[in-house]
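**Q** The structure's right below; bear with me while I get my questions together.
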Amino acid sequence: MANGDNTPQQQAPVDYSALAKQAGATSSLPAPAKATGGGGVDYAALAKQAGATASQPAQQAQQPGLLSRAWKWATQTPILDNVLPDGITTQDIVRGAAFEKLFGEPYIPGTNDFDTKAQQHLGDSPTKAAVKTFLAGSAQSTADMGSSMTTPVGLGTMALGPLSKVPGAIGTAAKVALPVVSAGFAGKGAYDIGSAGTANTPEAWQQRLTGGAELAGGVAGVGESIKSATSAPLAKTMNTPRGADPPDNYTPAQLKSYADQNGIPVTAAQVTENVGARAVQSSGERAVVGGSDVKTAIKASQDAIVSHVEDMADKFSPTTPDLASRGAAIQKSVQTALDAQLTQADANYAAVDAAAKGTTVDLASVKATAQKVLSDSDVLRKAGLDPKTATRVLNGIDNLDDSATFTDSQKLRSALLDLSRSPELAISTTAQGMLKQVIGATDQAMMDAAQATPGLQTAFRQANAHYEQIQEDLNSPRSPLNQILSEPDPSKVPQKITAKGQIGGSPYNAALLDKYGIDKGPIKATITQDLLNKNFGKYGKTLGGYSDDFLRSVFTPQEVDELYKTGALARSVGLNTNPSGTAAVNSAISQTSHPILQGVPQTIAAKLTTSPHFNKWLLDVGGQSGYSRLGSALAAAGKATQQQPQDQQQ
């Protein structure tokens, strides 16, 4: 009703108790059952007589609790609503942005908005009015959907997904927060679906669809979190080199791939050297039940390493099964190289003779020097040079013609050099010096002859330089190649090349082999076997005492990688293979005394260590594993549900 000035008059409250007593009832509330039979009070009729619009007392609204208000703020209140001026909501902002994007005009509510656009273009006919209503409703739905994405939970779910991929503390914090916020987003969606009830109205269906999208998004976030937590637990370790030194500068992923390629069974603990995985293997190895399986698996890894190394040595040098045969093969290769170089030297001096056109070497000065140095027997004895040998040499020089070709002069010089280096003939530096005087006289005579003919000196110098290099590399007592030829015990020959320098092995020795085309296969096989004998242990920063430079001078880059990877695996399979006897006994006693508290956990550790699935999970570098299927399924289902409405629209 209204009063005379048309001002609405507030309705007086209905006294239900008085009405009930007038009707002869004993209670002011209807009976819980049979409200219409047996002469019951018609409360609806009584209420209408009193001018009420409802037959029940109005229930006083309960003040929502703190948790309820927090939930509503987090899931239903757009962030911008807290800072926008009164009367302006996030929906207005989103709706205005959609309008300006669509029409390219400023959005002015009541003047230039979706309703005025519909009125301008469609008019007031019933059909056009329906279309106008649809357009306005679509804009409203867009505003509602856009603003719902700006709630704290919506923003958190969208932001934490990318942030969880950021390395460092930010990414770690995001990974922790993502499942919590995603669960809240999913809960909000489930709440909206449930609160829509069974109503069959456009608003209710819109609420269900929006809630479904939120539920799917939340489930996807939770699924991603589960997947991240359970898949590839050691992914970072798998892709991080185990050390900075050359023998250790390989990732567990690379070592696992190499082991698989060469049939070497390894566990996650062995490949990664992860402290936790190694602790599980160590515990499992000492288990009373299952420990034997772990030891058997470790033994299989060790045997596979040994077999692989032996195969490598055979590949390097198939016909030299032991150290002596390798030494003999090396000696043969060096001698072949020396013979080839001497033949080349003879050819070089023959070419000088051809270019000399009759020019010869005057050996008179050589004979005079030899006579002076080698004729005094007392001097020879004091110098340690056998007089008989000296006399034989002197007679040999005297018997030569005074004029000799360059080739014959070269042979004389070569014979004198060999004599000076023979420990049987020259047992002191004084004796060697005496012989070198004769050699020097020969060199000078050859040089004088070459200078006498224009153009001959260059050819002679080239031939002479080659010959002197041969003497330095192959005939000098300091040369490892000369030491190889002089070694009577073939089994000691390889160490002439592999002898340790200040940094473990000298690249110079290997360079000599390459210079004269000497087969390095037996040297490679020797080094490989030596590393195996040393369990591929590291000596400082080197592998087995061989410097990285030396190994790379002997082996190809691929072969060095194989050595280093094999060495890393060999050191790893040696971990925890010989546990302390006392510790093993104490562990067995403890497991026997406490089978549940001690025995069962160690048995589980043994089973995990030998479990292919467990090791595959730990060694996963980022792919799917059996333990992450739940997370993957949840994430995929959530994303598929989110994508479905877009697909249907298209």
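The values are calculated or read from the model by the stated rules, or taken from the named source; none is laboratory data. Here the structure is a predicted model, which means the values were calculated and not measured. Because the Cβ atoms are built from the backbone with ideal geometry, glycine has one as well, and the counts that use them run over all protein chains shown.
**Q** With the checklist (1) more than 30 Å from P480 (Cβ to Cβ); (2) in contact with a Pro (Cβ under 6 Å, 6 or more places away or on another chain) in hand, flag the one item V366 doesn't pass.
**A** (2)
**Q** Please work out which residue is farthest from K607 (Cα to Cα), limiting yourself to the stretch 289-321 and to residues that are β-branched (V, I, T) and surrounded by 19 or more Cβ atoms within 10 Å (Cβ to Cβ).
**A** Looking at the filtered set, the residue picked out is T320.
**Q** Among the residues of the stretch 354-363, are any assigned by TED's automatic domain parsing to the domain that holds K411, more than 17 Å from Q410 (Cα to Cα) and modelled with pLDDT under 90?
**A** Yes: one or more hits.
**Q** Which of the residues spanning the stretch 252-280 are closer than 15 Å to W617 by Cβ and assigned to a helix (DSSP H, G or I)?
**A** Residues satisfying the conditions are P252, A253, K256, A268, A269, V271, T272, G276, A277, V280.
**Q** Can you tell me which residue among A355, A368, A347, A337 is touching a helix residue (DSSP H, G or I) at 6+ places or on another chain (Cβ under 7 Å), on the phi < 0 side of the Ramachandran plot, assigned to a helix (DSSP H, G or I) and not β-branched (V, I, T)?
**A** A355 is the lone residue from the list that is touching a helix residue (DSSP H, G or I) at 6+ places or on another chain (Cβ under 7 Å), on the phi < 0 side of the Ramachandran plot, assigned to a helix (DSSP H, G or I) and not β-branched (V, I, T).
**Q** Suppose the filter is assigned by TED's automatic domain parsing to the domain that holds H613 and within 16 Å of F614 (Cα to Cα); does A269 pass it?
**A** yes
**Q** Now for a different question. Could you look through the stretch 449-467, keep only residues that are loosely packed, with under 14 Cβ neighbours inside 10 Å and modelled with pLDDT of 90 or more, and pick out the one that is nearest to A355 (Cα to Cα)?
**A** Q462
**Q** Which of the residues spanning the stretch 405-434 are of a type outside the set (G, A, S), farther than 29 Å from G358 by Cα and either part of a helix (DSSP H, G or I) or at pLDDT 85 or above (or both)?
**A** Correct list: L419, R421, T429, T430, Q432, M434.
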